[in-house]
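Student: Below you'll find the structure I mean.
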Amino acid sequence: MASQDWFDKDFYAVLGVTKDVTDAELKKAYRKLARQHHPDSNPGNAAAEARFKEISEAHSVLSDPAQRAEYDQMRAMGSGARFTAGGAPGGFDDVFGGMFGGPGGRRTAPGGFEDIFGGLFGNGAPGAAGAGRRYGAPTKGRDHTASVGLEFATAVHGDTVTLERPGGGTPIQVKIPAGVADGQKIRLRGKGEPSRDGGEAGDLVLTVQVRPHPVFSRDGLNLRVDVPVTFVEAALGATIEVPTLGGDPVKLRVAAGTPSGRVLRVKGRGLTTPKGTGDLLATVQVAVPSHLSAEAAKRLEQFAAALPPENPRDELIARARG
């Protein structure tokens, strides 16, 4: 992702939300747009891919409280304040603007930028270094925060990625553990701001933002997937194929009379982490044909006439009446 100024982007407008949007509303809006514009759902569509990246960048900033506060303050200060968000290779939308002491966040002198930007980047209380020197002990550098966007499969399987520092410098190697969850934080020791008086460097705290998958969702160590079956398959029983994440489909037996909403379990095809291995949970969704030929409709009416005269809603209505 090319570097862009936060000030020049209206992340709220990108996600179609207002400035007072709640975390739940923000997540809902993001998931809806991400599913609509995900590259897997729009193969070969460059416009959709660009829109997806724009949506991911906006969500990675607004979903992190510290980043959102910085963004809101920067936007409120007007055109005199500039903040650059740098990108990382491999599709990771990382927000590092000013994080490594760039021009937008560097303090120059007491009474100057230090007073204006003190605490703006959310990495420690002003005056902490002076307090350490007063008592003769070196102080630790300030921690920095950033967000990293991960594809769903990367979060599930884990990976080692390289993050580039804005303006150059030694890249940072980050090991993403298998099964990392959306919103989880990864602390990189000594990768934050250097100490001002010879103490230990601060840490870099990455908040993970996992992009939704068009097919799978996560439930603890389990993966969930909705699987459509025909009415005939559900009524008479069938062996169907169910997709797996990053592997070949598996065969699953649907018993005769299986209703829509029943969950079928595939052991051991969920997440594999040091905490254990989950399962794949396939939720049956009976697909109703939207178009019937005259002959098919006639035969269906004959089928309905052959069924026992019962109303499947009788029990529901009786329970509602108490």
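Student: Using the per-residue mean of other Cβ atoms lying within 10 Å as a proxy for protection, in what order, highest first, do the peptides 259-266, 65-72 fall? Don't jump to the answer; show the numbers that get you there.
Tutor: Details: 259-266: 13.0, 65-72: 18.0.
My ranking of the peptides, most packed first, is 65-72, 259-266.
Student: For Thr145, which sequence-distant residues (separation of 5 or more, or a different chain) have an amide H within less than 5 Å of its own amide H, given hydrogens modelled in the peptide plane?
Tutor: Those qualifying (amide H under 5 Å, at least 5 residues apart or on another chain) are Val205.
Student: When a/c reaches 1.5 or more, the comparison of a/b and b/c decides; with that in mind, is the range 190-265 rounded, prolate or oblate per its Cα gyration tensor?
Tutor: Values: a/c = 5.50, a/b = 4.63, b/c = 1.19.
Prolate shape, in that a/c is at least 1.5 and a/b is the bigger ratio.
Student: Take each of the peptides 158-164, 314-320, average the number of other beta-carbon atoms within 10 Å over its residues, and list them starting from the highest. All intermediate terms of the calculation are to be shown ahead of the outcome.
Tutor: Working: 158-164: 15.7, 314-320: 8.9.
In decreasing order of mean packing, 158-164, 314-320 become 158-164, 314-320.
Student: When ranked by the protection proxy of mean other Cβ atoms within 10 Å per residue, highest first, what sequence do the peptides 179-189, 195-205, 285-295, 302-312 form? Could the numbers behind the result be given before it?
Tutor: Numbers: 179-189: 14.9, 195-205: 16.7, 285-295: 9.9, 302-312: 7.2.
Ranking, from highest mean packing down: 195-205, 179-189, 285-295, 302-312.
Student: Can you pull the semi-axes for the range 214-322, root of five times each eigenvalue of the Cα gyration tensor, sorted largest first, whole Å? Please list the in-between numbers first.
Tutor: Working: eigenvalues 227, 76, 25 Å².
Value: 34, 19, 11 Å, ordered largest first.
Student: Taking a threshold of 31 Å on the Cα-Cα distance, which of the pairs Lys251/Lys275; Lys27/Lys191; Lys9/Lys140; Lys28/Lys191 fall above it? Spell out each step's value before the answer.
Tutor: Numbers: Lys251/Lys275 27 Å; Lys27/Lys191 29 Å; Lys9/Lys140 34 Å; Lys28/Lys191 33 Å.
Too far apart for the 31 Å limit: Lys9/Lys140; Lys28/Lys191.
Student: Another question about this same structure. List every residue whose amide H lies under 5 Å from the amide H of Asp197, counting only residues 5 or more places away in sequence or on a different chain, with H placed 1.01 Å from N in the peptide plane.
Tutor: When sequence neighbours closer than 5 places are left aside, the close amide H contacts are Thr139.
The numbers here are math on the coordinates, done by the rules we state, and not lab data. Bear in mind the structure is a predicted one, so any value in this text is a computation, not a measurement. Glycine also receives a Cβ, built like all others from the backbone with ideal geometry; neighbour counts cover every protein chain displayed.
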